[in-house]
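The values are calculated or read from the model by the stated rules, or taken from the named source; none is laboratory data. Fair warning: this is a prediction, and the values are worked out from it, not measured in the lab. Please note: Cβ atoms are built from the backbone with ideal geometry, for glycine as well, and neighbour counts cover all protein chains shown.
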Amino acid sequence: MRKIWDIHGGVHPPENKAQSLGRGIIQAGIPPVLVHPLSQHIGAPAAPIVEVGQRVLKGQMIAEAAGFVSVPVHAGSSGTVAAIEHREIPHPSGLLAPCVVIETDGKDEWIDHQGIADYTTLDKPALINVIRNAGIAGMGGAGFPSAVKLSTRDDAVIDTLIINGTECEPYITADDILMRERADQIIAGVKILQHLIQPTEQTLIGVEDNKPEGIAALRAAAQGSNIEVVVFPTKYPSGGEKQLIQILTGREVPSGGLPADVGIVCQNIGTTVAIHRAVHYGEPLISRITTVTGDACTAPGNFEVLLGTPVEHLLKLGGFQQDNCIRLVMGGPMMGFTLRDTSVPVVKTTNCLLAPTKKELPPPPPAQACIRCGMCAEACPVSLLPQQMYWFARGKEYEKLEDHNLFDCIECGACSYACPSNIPLVQYYRASKAEIRKQQQEKVKSEHAKARFEARQLRIEREEAEKEARRKARQEAAKKKAAAGKDPVKAAQEKATTSAVDPAQAAIEKAMAKRSGTAPAETKDEKLARLKKAVETAEKRLESAAGKLKEAEAAEAPNLGALQTAHQRMTEKLSAAKDELQQFEQENSDDPAAAAIARAQAARAKADDKSPLEKAQDQVASLEKRLHKSEQKLAEARDSGSDTAPVLEQSTAKLRDKLEAARGELAQLSESEAPVAAAASTNDPAQLAIEKAMAAREAAAKLSPEDKAKKALESLEARVEKTRQKLAEAEESGADTIDVLRDTLAKLEDKLAQARQEAGVEP
């Protein structure tokens, strides 16, 4: 006989398990709507990968894991994604969380899936990845991701694998019915876990002695294997992970430690079945067995229900009578919590829906003063001091609570059950845990803010020091200049004769001399050299701009417009530099008559170089400027009541007529010369870029104010979306730019809201 150890404390509440075991597992069917919360487990919520209006199939991944401690979510049935929004989820606080809502189509069409013929051929990482992608989390407790729990270190020796079939809380029989009807699937899942964990000594399935039929089915399915079914006396809460480990092995998991620290891995009965379905059939976790029980249900039982099914749909199958129910509980009477809304969905950890009558589960009487009887300490399975912790919780002495190992409390409720004064002790502990976690988060935020503030202060101090150093350097330079005399030319000459020449100071002195008018005049040779240098520099910069523009056009870069504008500007600068050089050379020619003739010829050549289209464009541009000025003068005259208003109206009307005629002529020339211009510019990338820029500028000029506002609004929306993507990438990678991106996004969103308001567009 295997030795069984006892645990400290524990209680024996009425079991009330028979009423839901009158029939086998019942299929709950497909509800009209499935609501899939993105957080059904401990860790980071999953991230949606579907869009509203998209059709999905049964078993299709609709949200991917958002980190190592996270699991994906899969569609329970085929249908259409109706919404991705915040809805109330099963939680003691009744909080709202993101959910993917699917309107089912009743076809129940599966995705293509298949199992692994021989999982023993896979290495450990590959097999764990199969379990992770199936979205499997612990189905008997808080929902810890199974893949994380099974990812034990290679240097950690695991000698014992324990499967938890205790199900010690009253009313719940989901694991019991699994053992009775699907014992072979449980054993198949345990063998997969054995292959993963490689326990060096033993594999145990722990079951309380109040489940004789389930025990018999498990032992029959485990015959011929090295899996041992261990039976022990019923006591609540022997189903706690650490308590079960102590009962079966006598080992105690240290405070704040994990079972792996003592060479043990523990999994739930329901989780083993989910692992079996994922590995052998390729099915993700999309359903579970849930007990519907209580005297307010006329047809209690255990239902195989799709995850995401609204609780109200499941209650109808159980014959729920709302008028007879005092309160609806998700979970058992000891650790469950009250549901405020029956529209919340069934999730991966929903093992029971309890609908008791007032007679069956009467409301607790008012709490009385603590009589210091110590019964709570006797009932605590973790050997804590509930009475002392209660006083600390009431006094909000959180540091003392942590010193008394508050976070070792498993919130089983045994202390509250045993308290003769009816004090809701476990509620005090839950509230204190939440407050401590909140303070810890605020402390982390405060430390981050402090670090950012200190870095900012250091930066400001460094900038001030650099500014002061530059100021002192200027003062020293001024003193030296004053000592050399007030003549900046003389100071510059003396400075040039010194051995240690400061280029920056020399430039300052040269600029001062030029400003004071005492600088020597620039000779013809110096000006000619300067103009030639300017032309050479402009040519190099134009060549560089043309190369960048060509690369951007080939890659269809987003900054193509800016590069086109830069290229056009450089072309204009080069042309201006060449003109200035040519003019200087002509003016300083040895033959004045020849110089005058050359200037006239250059002006005529420049005019002749322009095509009729270019001349028409210049004419339109000139008329537009004149019309704009005339309209401004007319408006000012009207506002002031001047007598010149009628004259200005006539001149403005004439200018409008001339502009319309010029635009008509320009349009005709554009139609006739467009093919020629296109053919001429096809082989010249630089000219093509100029033409594109001119066309874009002309198109922008022709836009109405409404179109310009719309275009600006679209540009802002694109910038907001791009910034959001950068912020999401920064948050995922933990980059230092998160705060900057958040500020930028907030400013852009404010600008976008203002632009939408001005344009009369709904957000």
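Note on the stretch 66-88: residues that are in contact (Cβ under 8 Å) with a residue 40 or more places away in the chain and surrounded by 21 or more Cβ atoms within 10 Å (Cβ to Cβ) total 9.
Check Lys486, Lys467 and return the single one that is in a helix (DSSP H, G or I) and either modelled with pLDDT under 90 or farther than 30 Å from Gly374 by Cβ (or both).
Numbers: Lys486 fails: in a helix (DSSP H, G or I).
One residue alone meets the criteria, Lys467.
Answer yes if at least one residue in the stretch 645-664 is in the same structural domain as Leu560 (by TED's automatic domain parsing), within 30 Å of Leu563 (Cβ to Cβ) and at pLDDT 75 or above, and no otherwise. The answer is yes, given that some residue of the stretch 645-664 is in the same structural domain as Leu560 (by TED's automatic domain parsing), within 30 Å of Leu563 (Cβ to Cβ) and at pLDDT 75 or above.
Scanning the stretch 549-578 for residues that are at pLDDT 80 or above and surrounded by fewer than 16 Cβ atoms within 10 Å (Cβ to Cβ) gives Arg569, Glu572, Ser575, Ala576, Lys578.
Each residue in the stretch 515-535 was checked for being assigned to a helix (DSSP H, G or I), out of contact with any Asp or Glu (no Cβ under 9 Å at 6 or more places or on another chain) and either surrounded by 13 or more Cβ atoms within 10 Å (Cβ to Cβ) or at pLDDT 70 or above (or both), and 7 of them qualify. Inclusion of Gly224 among residues that are in contact with a strand residue (DSSP E or B) (Cβ under 7 Å, 6 or more places away or on another chain), surrounded by fewer than 22 Cβ atoms within 10 Å (Cβ to Cβ) and assigned by TED's automatic domain parsing to the domain that holds Ala117 is not warranted.
Does at least one position in the stretch 99-115 carry a residue that is within 30 Å of Arg430 (Cα to Cα) and either acidic (Asp, Glu) or outside any loop (DSSP other than H, G, I, E, B) (or both)?
Within the stretch 99-115, the first condition is being within 30 Å of Arg430 (Cα to Cα), and the residues that meet it are 99-100.
Adding the requirement that they be either acidic (Asp, Glu) or outside any loop (DSSP other than H, G, I, E, B) (or both) leaves 99-100.
Looking through the stretch 99-115, at least one residue is within 30 Å of Arg430 (Cα to Cα) and either acidic (Asp, Glu) or outside any loop (DSSP other than H, G, I, E, B) (or both).
Can you spot a residue in the stretch 321-331 that is within 27 Å of Ala75 (Cα to Cα), β-branched (Val, Ile, Thr) and crowded, with 21+ Cβ neighbours inside 10 Å? Yes, the stretch 321-331 has at least one match.
So, Gly94, is that one within 20 Å of Met330 (Cβ to Cβ), touching a Lys or Arg at 6+ places or on another chain (Cβ under 8 Å) and assigned by TED's automatic domain parsing to the domain that holds Lys242 or not? When the stated conditions are applied, Gly94 passes them.
If you go through the stretch 89-98, how many residues are touching a residue at least 40 places away in the same chain (Cβ under 8 Å) and part of a strand (DSSP E or B)?
Going residue by residue through the stretch 89-98, those that are touching a residue at least 40 places away in the same chain (Cβ under 8 Å) are 89-92, 94, 97-98.
Okay, now just the ones that are also part of a strand (DSSP E or B), so 97-98.
So the count comes out to 2.
Residues in the stretch 283-320 that are farther than 30 Å from Gln114 by Cβ and out of contact with any strand residue (DSSP E or B) (no Cβ under 7 Å at 6 or more places or on another chain): Asp295, Thr298, Ala299, Glu312, His313, Lys316. Only helices (runs of 4 or more DSSP H) whose full extent lies in the stretch 334-416 are considered here, and the ones with at least 1 residues that are under 35 Å from the mean Cα position of the chain (by Cα), touching a residue at least 24 places away in the same chain (Cβ under 8 Å) and over 27 Å from Arg288 (Cα atoms) are 398-403.
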